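Input: a single structure, listed below in C-alpha cells.
The values are calculated or read from the model by the stated rules, or taken from the named source; none is laboratory data. This structure is a prediction, so every number in the text was calculated from the model and none was measured. Counting neighbours? That spans all protein chains shown, and the Cβs are built from the backbone with ideal geometry, glycine included. For the accessible areas, the whole protein counts, side chains as well, though only heavy atoms, and no ligand, DNA or RNA atoms are used. Shrake-Rupley method; radii C 1.70, N 1.55, O 1.52, S 1.80 Å.
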Amino acid sequence: VDLVGGYYDAGDNVKFGFPMAFTTTMLSWSVIEFGGLMKGELPNAREAIRWATDYLLKATANPNTIYVQVGDAKKDHACWERPEDMDTPRSVFKVDANAPGSEVAAETAAALAAASLVFRRSDPTYSKVLVRRAIRVFQFADKHRGSYSNALKPFDELLWGAAWLHKATKNPMYLNYIQVNGQILGAAEYDNTFGWDNKHVGARILLSKEFLVQRVKSLHDYKGHSDNFICSLIPGGGSSSAQYTPGGLLFKMSDSNMQYVTSTSFLLVTYAKYLTKSHTVVQCGGTTVTPKKLRTLAKKQVDYLLGDNPLKMSYMVGYGPRYPQRIHHRGSSLPSMAVHPGKIQCSAGFSVMSSQSPNPNILVGAVVGGPDQHDRFPDERSDYEQSEPATYVNAPLVGTLAYLAHSFGQI
C-alpha cells in the first residue's frame, strides 16, 4: 500500500492517523469559518489540508479498511534520530471489519467531509472525491463499531462525523442519524474537554450552528449543551468548573495542556460568530454572556500563549523575544544533514536529547504543550508533556489567529 505523505503529529517519526485526521478537521473548520479573513494565507492553509487529505485518501483506498498508523511507536520512542536517518520498522497498522476502530474511522470521515467543504469552490472535482470517500468511511465506522484502543473514549466521533457529513452533504439521513443516536453517543454528556480524543463539545458547537443560523429546530438541544460548555468556562458564571492558572491560562491537563487552550479558544470565537449571526446571547445563571465576552476570553488565552504571561515566554517557537529553546522534537534538536551529513545512530542522539544546549533548528510556528498549572515552564527536552509541539495543538489556533488578526486590522 502506498502510504507516502501525511504528517508526523509531534516530535517523533510515527504517523498516527487519529490525531492526523483531527488536525485535518480542525484546519478545515478554521478555513470554513475564517478562511475569508486569511487573505494571502488561504492558499497555504488549503495546501496544508491537502497534504493531509491526499494521505487520508490513500489510507482509505480499500473499502472497509483504514490504515491508521505507520511506524512502531515503542521502537521509534527507543531512538532519538532524525527522520532522514530513520531505521526503525515502518510497521503498518489497520482497522477493518474484524478489528474495528470506530473512533479513528469516524474522525477520518469527519476530516474528509470537512475538507470537502474547503475545496468546494476552488477544486470541485477534488471536493467530490473527498465527500464520496467520507460517506463510505463513515458507513464503515458506524457499521463495524468497536474501539481500536481501549484507552480512548469510544463513539463520540460517530456524532462528530455525522455532524460533518450532514454539513457536507445536506443529506437528511445524517440529521436523522444525529437525532436517533445523539443521546446514545453522548451528546448531552457534561464533558467539557475538546481535543483529538474527545469531540463531544466540538460536535455540540457545530450542531448548534444548524439551530442558530440555519434554524434547524430539531437541533434546539445543542444550543443548550453548547451554552453549558460556555458557562463552565466563564469565571464567576455560576456553573464555572474550569481551572485557570494564576496567570490566567485555562488549565485542563498536565500533558499538552495547550491543545485544550487552542481548541477551546477556537470554539469560543466560532460560537461567538454563531451567536452574533443569530442575535443571541448565553445565560449563565444570572449572568448574561455576550459574544464579545467570548471573544475577549479567547483573546486573553491567545495573548497568554504568545507571551503575555508571568514568564513573558511565547509558547510559539520562533515568535517573540523569548520562546522554548529545547523542544522535544527530533528534527529540531539534532544537527541538520548540512551540518552533520553522517548518520546519527538510533541511540547516539540521546546525548543531544539529554543536553542543555538549545535546539539548532528552530521549528518556527510550532506551539508546545505549555506551562504547568502554576505558570511554570522548565524548558527541558525530556519533558515531553510541556515541551513537545504537535499538529493538533497548532491546527485550532489557525482559525482563531485569522479572526484576531482581522479584528485588529492586521490582515
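Values computed for the structure shown
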| item | result |
| --- | --- |
| Per residue accessible area in Å² of the chain, where ligands, DNA and RNA are left out and the probe is 1.4 Å | 40 |
| Percent accessible area from carbon and sulfur atoms, the range 258-411, protein chains only, probe 1.4 Å | 57 |
| Residue-count net charge about ILE135 - beta-carbon cut-off 12 Å; Lys, Arg +1, Asp, Glu -1 | +3 |
| FRET efficiency, 1/(1 + (r/R0)^6) with R0 22 Å, evaluated for ASN44 and SER122 via beta carbons | 0.95 |
| Cα centroid separation, the range 342-411 to the range 262-339 (Å) | 14 |
| Computed helical MRE - 222 nm, the chain, DSSP H runs ≥ 4 contributing -39500 (n - 2.57), nearest 500 | -15000 deg cm²/dmol |
| Virtual spin-label span in nm between ALA338 and ILE362, 7 Å along Cα→Cβ | 1.4 |
| Under-15-angstrom lysine pairs by C-alpha in the range 1-152, whenever the two are 8 or more apart or on separate chains | 5 |
| Point-to-point label distance, THR287-ARG132, nm (Cα→Cβ direction, 7 Å offset) | 5.1 |
| The chain: relative contact order as a whole-number percent, Cα under 8 Å and 6+ apart | 18 |
| In the range 57-129, trypsin sites (Lys or Arg not before Pro) in a DSSP loop with at most 12 other beta-carbon atoms within 10 Å | ARG121 |
| For volume of the Cα convex hull per residue in Å³, calculated from these coordinates, the label among [x] 120; [y] 141; [z] 164 | [y] |
| Surrounding net charge for GLU84, when Lys and Arg each add one and Asp and Glu each subtract one, Cβ distance under 11 Å | 0 |
